[in-house]
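Below is one structure; the comments refer to it alone.
The values are calculated or read from the model by the stated rules, or taken from the named source; none is laboratory data. Bear in mind the structure is a predicted one, so any value in this text is a computation, not a measurement. Don't worry about glycine lacking a Cβ; one is built from the backbone with ideal geometry, like all the others, and counts go over all protein chains shown. Calculation scope for accessible area: heavy atoms of the full protein, side chains included, ligands and nucleic acids excluded. Shrake-Rupley method; radii C 1.70, N 1.55, O 1.52, S 1.80 Å.
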Amino acid sequence: MAQTESDGLEVLETREWVDSLDYVLSRGGPNRAGRLLQQLALHARTAAGVNLPFSATTPYQNTIAPAQQPPFPGSQEMERRIKSLVRWNALAMVVRANKIQEGIGGHISTFASAATLYEVAFNHFLRAKTETGDRDVVYFQGHAAPGIYARAYLEGRIPKEKLQNFRRELKKGGGLSSYPHPWLMPDFWEFPTVSMGLGPIQAIYHARFIKYLENRGLKPSTGGKVWAFLGDGEMDEPESLGSITLASREKLDNLIFVVNCNLQRLDGPVRGNGKIIQELEAIFRGAGWNVIKVIWGTDWDNLIENDRDGLLVKRMGEVSDGQYQKYFVESGAYFRQNLFGSDPRLLKMVEHLSDEQLARMRLGGHDPIKVHAAYRAAVEHSGQPTIILAKTIKGYGLGEAGEGKNITHQQKKLNDDELRLFRSRFGIPIPDAELHEAPFYRPSDDSAEIKYLQARRQQLGGYMPERKVRATALQSVPDAHFEEFHKGTDGREVSTTMVFVRLLAKLLRDPELGKLIVPIIPDEARTFGMEALFRQVGIYSNVGQLYEPVDMDTLLYYKEAKNGQILEEGITEAGSVCSFIAAGTAYSNHGINTIPFFIYYSMFGFQRIGDLIWAAADMRCRGFLIGGTAGRTTLAGEGLQHQDGHSHVLALPVPNLLAYDPAFAYEIAIIIQDGIRRMYVNGESIFYYLTVTNEPLPMPEMPKDENIRAGVLKGLYRFKASGKTDAKLRAQLLGSGTIMFEVLKAQQILEEKYGVAADVWSVTSYKQLYRDANDCERWNMLHPADPAKVPYLTQTLQGASGPFIAASDYMKVLPESLGKWVPGQLVSLGTDGFGRSEGRASLRDFFEVDAKHIVLATLVALAREKQIGPDVLKKAVQELGINPEKANPAIS
Ligand SMILES: Cc1ncc(C[n+]2csc(CCOP(=O)(O)OP(=O)(O)O)c2C)c(N)n1
Ligand SMILES: [Mg+2]
């Protein structure tokens with residue numbers, strides 16, 4: 001390449017400046033040099049209007065210079081050998097599993113690329129118990145599970161048989177779950193991370209929740225860290241990046257992200273035409289994080305140090321990730337020609353290296369010294385969260401079988417040659433003759449490797465991951481707070497939301513329970529009438545309140561405080577549910593029985609953040625999800641995107657979630673009291689979903705019947721029998737939520753106008769009834785010779801005569817799912833379809849769930865049973881003012 005004279009001068013000039021800077025660095029250190037550079041930039045701007053181009057990134061180089069690296073505190077050779085053993089066993093589990101059962105799956109290449117990142121952490125950083133009794137919590141990347149199991153095998157925590165049954169959980173003696181699932185391995189995994197993006201956002205809110213516990217005095221501040229090991233492809237998920245400013249705003253220096261930048265995801269490159277490390281650096285620096293790039297290994301130190309003119313770093317910054325990926329699979333000659341060949345000066349820099357040597361130059365993420373330095377800097381950094389961006393090769397060590405190839409993510413089989421190469425590369429003492437079976441290999445307990453590994457873990461307080469219940473159970477739940485709600489409101493109209501909020505306020509005042517309650521709200525406190533709590537318990541803020549709130553002179557002012565109890569999350573249901581999960585799993589993670597109440601617009605729950613709720617279930621999370629302003633026809637005016645008539649259907653699939661749609665104050669009190677008892681006294685792995693509404697209605701007194709409490713909890717009880725004992729026509733009306741009040745109106749109309757005596761039943765939970773009925777049915781199928789069990793629903797309704805008409809503010813499928821267990825004809829009314837902006841009366845007419853439609857449905861059902869004639873029906877349609885030609889709400 002030809003060089004002009006001015007080029008040459010520029011190079012000289014630049015060198016002089018660099019030399020001067022080096023002098024300042026050697027005399028005054030990096031801080032002095034930094035100040036000087038800032039002064040220079042300021043001078044250039046004021047003196048001559050020189051504006052430095054904005055750059056959110058630093059050069060494509062390691063953040064930590066070799067001179068700043070701490071010495072490696074262990075035996076590199078021993079750790080390399082241990083890592084090789086982990087590598088082998090991780091690979092063997094996947095290969096074996098697929099030999100035994102074709103297609104059972106698993107991932108080799110994810111862990112292969114991350115082995116150094118994990119091993120350095122396991123040997124030197126991840127503390128199961130810190131000096132002060134705290135611990136680190138770790139989110140392991142889901143697809144790296146084989147590596148984590150393989151290490152636990154070497155640690156002697158998982159027997160060979162279990163390793164053999166990787167992905168075969170139903171085998172006799174049990175197996176290992178594909179990915180981290182606390183539900184399936186409750187003594188091992190803590191965080192289900194495999195639905196990508198859920199790990200990073202949960203880690204952020206978890207780190208924040210730890211600070212919350214500390215600031216509220218529920219946990220001593222002892223320096224535990226939250227580590228999240230993530231994939232670079234995973235960072236594309238909106239959840240991964242969506243809450244990163246919370247972490248910097250709250251100064252979460254207890255949070256460390258480690259992103260394994262192997263440049264690949266499942267199908268191919270993460271950013272073939274760009275650079276994922278630079279992209280993530282810009283995003284996280286911009287968001288106020290401490291960013292540590294670990295790009296080049298020690299092999300590169302000399303080259304980079306001698307790159308006085310910055311030519312090499314500039315060139316490294318030009319090459320795209322797709323091209324870097326190509327270097328991983330190509331020869332050293334290709335690498336030399338393509339990367340260095342662009343400038344003779346670059347070629348000269350590497351002329352002392354053979355092609356072979358060039359090809360073997362290690363990347364930062366595979367170099368324990370570099371990784372250790374990054375971790376050390378991260379744990380010592382204060383005032384900011386840290387992200388480590390480590391460059392690696394996907395499928396590292398697999399060679400021809402997949403190293404750096406686009407197909408590597410899916411690679412689960414290795415032929416004998418490939419196994420042999422891998423075995424030899426990592427020095428595993430397995431003879432050729434045995435290789436075909438890919439046997440596991442663990443040296444004896446008194447081998448140097450196992451002793452070293454055990455000593456390291458002992459030093460760091462024990463094994464990881466390990467899940468256990470660290471809190472002691474609560475003794476009891478006091479009745480006192482709940483009794484008021486059994487009495488009813490004497491005709492005064494209140495909404496069930498108000499009831500809930502009043503109950504919450506009372507619980508917050510309890511001397512024992514109160515401090516454990518964690519109210520979580522995504523900017524809807526005023527919608528739910530919860531603003532009184534702002535003042536009562538304060539809104540959590542890590543800095544307290546640095547301003548004078550505009551409403552300071554009012555009783556219910558917006559009070560932020562360092563020991564505030566409410567988590568006012570702003571408009572983020574995803575973030576809020578992560579706080580819910582952190583609080584609802586603190587009984588295991590931190591030994592603290594925090595009881596979260598997450599109150600949100602019911603429409604923005606299951607359908608928006610359903611996957612996080614699924615993760616909560618997997619984690620054995622406890623607490624109460626409260627779907628506010630619920631009901632398709634009860635939330636007036638808000639229309640199609642707000643009116644929820646299906647969250648109870650979406651709550652059905654979550655196995656350990658109890659879902660209730662209560663109508664009355666005492667039902668809410670009974671459910672919440674029993675919920676706290678079951679979760680926090682009995683220690684059951686369940687959580688709750690309750691819908692509450694904003695329609696003011698008179699709350700009745702709890703009927704004086706000793707079975708009511710059990711009925712409310714099981715999902716069904718008779719609320720009000722008809723007083724008309726002599727009637728010939730009989731019907732049974734089932735109501736839930738606010739629609740219960742339409743049912744009660746219908747009961748009256750039926751009795752007064754049509755001579756039908758109808759009993760009214762409160763269905764608090766279709767899900768509970770459905771589950772119980774299914775459970776009986778299944779038992780009966782499996783025990784055909786035994787006396788059949790009768791579902792609670794059937795038992796309870798047995799003997800009630802006449803057709804059954806069920807009405808709720810939710811989809812018709814809920815009652816219909818129970819059809820075969822109802823002892824008689826069942827008619828279901830519900831709110832299938834899109835909502836409308838309208839008033840409640842019009843909405844209930846539109847969705848055919850108001851009293852008049854309940855009456856008509858009852859009469860039609862009676863006619864079907866030939867108890868009344870068609871003439872009554874015809875008249876009724878007219879009398880009730882029903883338009884038979886109205887549009888079908890389910891499809892309009
Ligand atoms: C939400 C979600 N979508 C898709 C997948 C399927 N999936 C599993 S791994 C993977 C690629 C992962 O790439 P990356 O995050 O870069 O991890 P790597 O294996 O490269 O470390 C995909 C798409 C998933 N597990 N979760
Ligand atoms: Mg990747």
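Scanning the range 566-598 for residues that are of a type outside the set (G, A, S) and in a loop (DSSP other than H, G, I, E, B) gives E569, I571, T572, T585, H590, I592, N593, T594. Taking the criterion of being under 20 Å from P653 (Cα atoms) and among the aliphatic types (A, V, I, L, M), the residues of the range 794-817 that qualify are M811, V813, L814. Taking the numbered list (1) open to solvent by 20 Å² or more (accessible area, probe 1.4 Å); (2) closer than 17 Å to E214 by Cα; (3) in a helix (DSSP H, G or I); (4) of a type outside the set (S, T, Y) in turn, N563 passes all entries but (3).
As a summary of the residue check, D871 satisfies the conditions (1) within 20 Å of N883 (Cβ to Cβ); (2) open to solvent by less than 20 Å² (accessible area, probe 1.4 Å); (3) part of a helix (DSSP H, G or I) except for the one numbered (2). If you scan the range 262-290, which residues turn out to be of a type in the set (A, V, I, L, M, F, W, C) and either assigned to a loop (DSSP other than H, G, I, E, B) or crowded, with 23+ Cβ neighbours inside 10 Å (or both)? Those that are of a type in the set (A, V, I, L, M, F, W, C) and either assigned to a loop (DSSP other than H, G, I, E, B) or crowded, with 23+ Cβ neighbours inside 10 Å (or both): L263, L266, V270, I276, I277, L280, F284, A287, W289.
For K251, indicate whether it is on the phi > 0 side of the Ramachandran plot and among the basic types (K, R). Judged against the criteria, K251 is a match. Condition first: in a helix (DSSP H, G or I) and touching a Ser or Thr at 6+ places or on another chain (Cβ under 6 Å). Now tell me which residues in the range 331-367 satisfy that. Across the range 331-367, the qualifying residues are G365, H366. All of L280, L255, L263 fail the test of being of a type in the set (A, V, I, L, M), away from ligand 1 (no atom under 16 Å from the Cβ) and closer than 21 Å to M196 by Cβ, apart from L255.
Considering the range 15-25, the residues that are within 13 Å of D309 (Cβ to Cβ) and open to solvent by 70 Å² or more (accessible area, probe 1.4 Å) include one that is modelled with the lowest pLDDT, namely R15.
Give the residue that is nearest to ligand 2 (Cβ to nearest atom), with candidates limited to residues of the range 194-218 that are within 30 Å of L170 (Cβ to Cβ) and open to solvent by 10 Å² or more (accessible area, probe 1.4 Å). The extreme case among them is M196. Filtering K171, K162 for residues that are surrounded by 20 or more Cβ atoms within 10 Å (Cβ to Cβ), away from ligand 2 (no atom under 16 Å from the Cβ) and without any contact (Cβ under 8 Å) to a residue 40 or more places away in the chain leaves a single hit, K162. All told, L85 falls short of being within 16 Å of ligand 1 (Cβ to nearest atom) and part of a helix (DSSP H, G or I).
Of all residues in the range 152-197, those being among the hydrophobic types (A, V, I, L, M, F, W, C), out of contact with any strand residue (DSSP E or B) (no Cβ under 9 Å at 6 or more places or on another chain) and outside any loop (DSSP other than H, G, I, E, B) number 2.
For every residue, the table says whether it meets (1) within 25 Å of L303 (Cβ to Cβ); (2) more than 16 Å from ligand 1 (Cβ to nearest atom); (3) assigned to a helix (DSSP H, G or I).
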{"position": "P53", "(1), (2), (3)": "no, yes, no"}
{"position": "Q61", "(1), (2), (3)": "yes, yes, no"}
{"position": "A67", "(1), (2), (3)": "yes, yes, yes"}
{"position": "R80", "(1), (2), (3)": "yes, yes, yes"}
{"position": "M93", "(1), (2), (3)": "no, yes, yes"}
{"position": "K99", "(1), (2), (3)": "no, yes, yes"}
{"position": "A114", "(1), (2), (3)": "no, no, yes"}
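Could you grab me the full set of residues in the range 416-444 that are more than 25 Å from K162 (Cβ to Cβ) and either touching a residue at least 24 places away in the same chain (Cβ under 8 Å) or open to solvent by 80 Å² or more (accessible area, probe 1.4 Å) (or both)? Hits for the range 416-444 are D417, R420, L421, R425, G427, D432, A433. Does V319 satisfy the criteria of being β-branched (V, I, T), touching a strand residue (DSSP E or B) at 6+ places or on another chain (Cβ under 9 Å) and open to solvent by less than 30 Å² (accessible area, probe 1.4 Å)? Considered against the rule, which asks whether it is β-branched (V, I, T), touching a strand residue (DSSP E or B) at 6+ places or on another chain (Cβ under 9 Å) and open to solvent by less than 30 Å² (accessible area, probe 1.4 Å), V319 comes out as no. Within the range 226-261, being within 15 Å of ligand 2 (Cβ to nearest atom), within 15 Å of the chain's Cα centre (by Cα) and either outside any strand (DSSP E or B) or of a type in the set (D, E) (or both) holds for E234, M235, E237, S240.
Restricting the first member to the range 33-54 and to residues that are farther than 20 Å from D19 by Cβ and free of Cβ contacts under 8 Å to residues at least 12 places away in the same chain, and the second to residues that are in a loop (DSSP other than H, G, I, E, B) and not hydrophobic (A, V, I, L, M, F, W, C), the beta-carbon pairs closer than 7 Å and six or more apart or on different chains are R45/N51. Within the range 235-252, restricting attention to residues that are open to solvent by less than 10 Å² (accessible area, probe 1.4 Å) and within 13 Å of ligand 1 (Cβ to nearest atom), the residue that is nearest to R608 (Cα to Cα) is S240. Condition check for D232 on (1) within 12 Å of ligand 1 (Cβ to nearest atom); (2) under 24 Å from M361 (Cβ atoms); (3) charged (D, E, K, R); (4) out of contact with any helix residue (DSSP H, G or I) (no Cβ under 7 Å at 6 or more places or on another chain): one failure, at (4). Helices (runs of 4 or more DSSP H) fully within the range 445-553 that include at least 1 residues being in contact (Cβ under 8 Å) with a residue 40 or more places away in the chain, touching a His at 6+ places or on another chain (Cβ under 8 Å) and of a type outside the set (G, A, S): 448-459, 496-509. Return yes when E214 is in contact (Cβ under 8 Å) with a residue 12 or more places away in the chain and over 30 Å from V11 (Cβ atoms) and no when it is not. So E214 does not fit the description; no.
Among the residues making up the range 776-785, those that are more than 16 Å from L818 (Cβ to Cβ) and either open to solvent by 70 Å² or more (accessible area, probe 1.4 Å) or touching a Gly at 6+ places or on another chain (Cβ under 8 Å) (or both) are M781, L782, P784, A785.
N273 is checked against (1) within 16 Å of the chain's Cα centre (by Cα); (2) away from ligand 1 (no atom under 16 Å from the Cβ); (3) within 30 Å of G397 (Cα to Cα) and fails just one. What number does that condition carry? Exception for N273: condition (1). Consider the range 115-159 and keep the residues that are surrounded by fewer than 19 Cβ atoms within 10 Å (Cβ to Cβ) and touching a Lys or Arg at 6+ places or on another chain (Cβ under 6 Å). The one that is farthest from R442 (Cα to Cα) is K129. Looking across the range 800-818 at every residue that is under 39 Å from the mean Cα position of the chain (by Cα) and among the hydrophobic types (A, V, I, L, M, F, W, C), the one that is most open to solvent (accessible area, probe 1.4 Å) is identified as V813. Against the test of being within 16 Å of ligand 2 (Cβ to nearest atom) and under 30 Å from Q76 (Cα atoms), the options I304, I295 yield a single qualifying residue, I295.
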